Amino acid sequence: MFEPFARADQRRWGGVYLRGLLLDGGRKSVEPMAGRLGEDGNRQALAHFVTSSPWDAAHVRARLAWRMQPVIKPTALITDDTGFLKDGDASACVTRQYTGTAGKVTNCQAGVSLHLASNGASAAVNWRLFLPGSWDPASPEADPAKVARRDKCAIPVQVGHVEKWQLALDMIDETRSWGIEVPQVIADGGYGDTAAFRLGLEERGLDYVVGISTTTTAHPEDAQPCTPACPEVAQQVKSLVIAAGKNSARPVQWREGSRPGSGRSGHKRMYSRFVALRIRPAGREIRKATAGTELPVRWLLAEWPADQDEPVQFWLSNLPGTTPLPVLVRTAKLRWRIENNYREMKQALGLAHFEGRTWPGWHHHVTLVPVAHAFCTLQRLTRSPKETASA
């Protein structure tokens, strides 16, 4: 992983930092790690390595992707974002914003990540720190106090506010530039609700299964086209599924979990009922992109459990019209992998424990933690590949 480093001392302290992340212990910030590292516990050297040392995190991430691709055999790229809660306001890009980590608006940083994933394993191979408009001097939301801290946080001059979905597309482009070609993308509603994100994937020739909210609008597949679009008023996707009826839902088991249960491996079966419809997504951006031609047909997938009066979750996909329902469901549900990565990296490897305040330091730390996580993944696969594949 550290072969691109220019100096031997960088390679040495990179290895020490990784051992600090992997050792048992609660907090994985520099000072407590140094205390557990014995003779290598040089706090100043560790802090310099992660915060100030001039090494390119992208080179390490590329090597991580190359190492993990043949092991994981990824069937999808999964993108999402996670929050890094902060008490103060001095860290790069911290502001009050919503994060699913806390389930509310709070003081935090937000990081967008991209993961290689298959049923058996996954690895975080790319990251971006989200820069809010309040930190961008060119934004109408610019906060003079935050803009004034950019130099102290070593935020590059050329970095401005970019929406999270665009950061995800940028990471996909960069990851593909490394020679990692995975033709399918999975994301939740925070990305799927944005038509520009879906169109960006289509422009790149990528298939997708993305979550959407109940307020997303669409036409039935048989809606008659006209200029500039379908004559009928678009409906919310929830209404389209309810119109299809609960009897149209079909049972699908997508995997077996880790808890004891009635599955073949002795684990709990992950099972529910789903409706799949062919629909034509609506919206100004889609009409503009189709230039007055017929709106494209896409899959609408909805989970409708037997004990619920209404569907509870929705996805949109451009997979071929011949795609079987179980394939749609298993692809959509593969997103659990990124949540599992976040949980493991935060609980065991200190993903959210970085206490430095700089832009380079944050990107260095969130690059090194996935390297440690990948090491753990390789150990699990080596010890029990069958068990890992169903975990």
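Structure notes:
- Our summary gives the chain a relative contact order of 19 percent, counting only alpha carbon pairs under 8 angstrom and 6 or more residues apart.
- For the stretch 5-126, projected area of the alpha-carbon convex hull averaged over all directions, nm²: 9.3 nm²
- Residue-wise HN-Hα couplings along the stretch 294-309, as the Karplus relation 6.51 cos²θ - 1.76 cosθ + 1.60 with θ = phi - 60° gives them from phi, are 4, 5, x, 8, 9, 7, 10, 10, 9, 8, 10, x, 4, 8, 10, 7 Hz; Gly and Pro carry x.
- Taking 0.36 nm per residue of separation and subtracting the current Cα-Cα distance, fully stretching the chain between A142 and W336 would add 66.3 nm.
- With a threshold of 24 Å on the Cα-Cα distance, the over-threshold entries among K238/K333; K152/K346; K288/K333; K268/K333 are K152/K346; K288/K333.
- Within straight-line reach of K246, meaning a Cα separation under 17 Å, sit the following aspartates and glutamates at least 8 residues removed in sequence or on another chain: E303, D307, D309, E310.
- Rg/Rg_globular for the stretch 92-247, with Rg_globular taken as 2.2 N^0.38 Å and Rg from C-alpha atoms: 1.29
- Helix-only CD estimate at 222 nm, as mean residue ellipticity for the chain, using -39500 (n - 2.57) per DSSP H run (n ≥ 4): -11000 deg cm²/dmol
- Ordered by solvent-accessible area of protein heavy atoms (1.4 Å probe), largest first, the residues S213, S134 come out as S213, S134.
- Based on C-alpha pairs under 8 angstrom that are at least 6 apart in sequence, the stretch 37-190 has a relative contact order of 24 percent.
- Those lysines that a straight Cα-Cα span of less than 20 Å connects to K146, excepting residues fewer than 8 apart in one chain: K86, K164
- The chain: most fluctuating residue of L64, L199, L368 per GNM, C-alpha cutoff 10 Å: L199
- Summed residue charge, Cβ within 13 Å of T214's Cβ, Lys/Arg positive, Asp/Glu negative: -2
- Between A372, A332, A142, the residue with the greatest mean-square fluctuation in the GNM of the chain (Cα pairs under 10 Å linked by springs) is A142.
- Value of D in µm² per second that Stokes-Einstein yields for the stretch 325-376, Kirkwood Rh from Cα pairs, at 4 °C (1.567 mPa s): 103 µm²/s
- Estimated FRET transfer efficiency (Q97, T214; beta-carbon r; R0 22 Å; 0.05): 0.40
- Relative contact order, percent, the stretch 20-83 [alpha-carbon distance under 8 Å, six or more residues apart]: 17 percent
- FRET efficiency estimate (nearest 0.05) - Cβ-Cβ, E294 to L23, R0 56 angstrom: 0.40
- Within the stretch 165-187, backbone nitrogen closer than 20 Å to the virtual label 7 Å beyond the Cα of E203 toward Cβ: 165-178, 182-187
- At the listed q of 0.06, 0.11 Å⁻¹, the Debye profile of the chain, built from one uniform point per Cα, gives log10 I(q)/I(0) equal to -0.27, -0.87.
- Residue of G120, G189, G38 that the Gaussian network model of the chain assigns the largest fluctuation, springs spanning Cα pairs under 10 Å: G38
- When the convex hull of its Cα atoms is viewed from all sides, the stretch 242-370 shows a mean projected area of 12.9 nm².
The values are calculated or read from the model by the stated rules, or taken from the named source; none is laboratory data. Keep in mind that this is a model prediction, so the values were computed, not measured. With ideal geometry, Cβ positions are generated from the backbone for all residues, glycine too; neighbour counts draw on all protein chains shown. We work out accessible area using only protein heavy atoms, side chains counted, and drop any ligands, DNA or RNA first. Shrake-Rupley method; radii C 1.70, N 1.55, O 1.52, S 1.80 Å.
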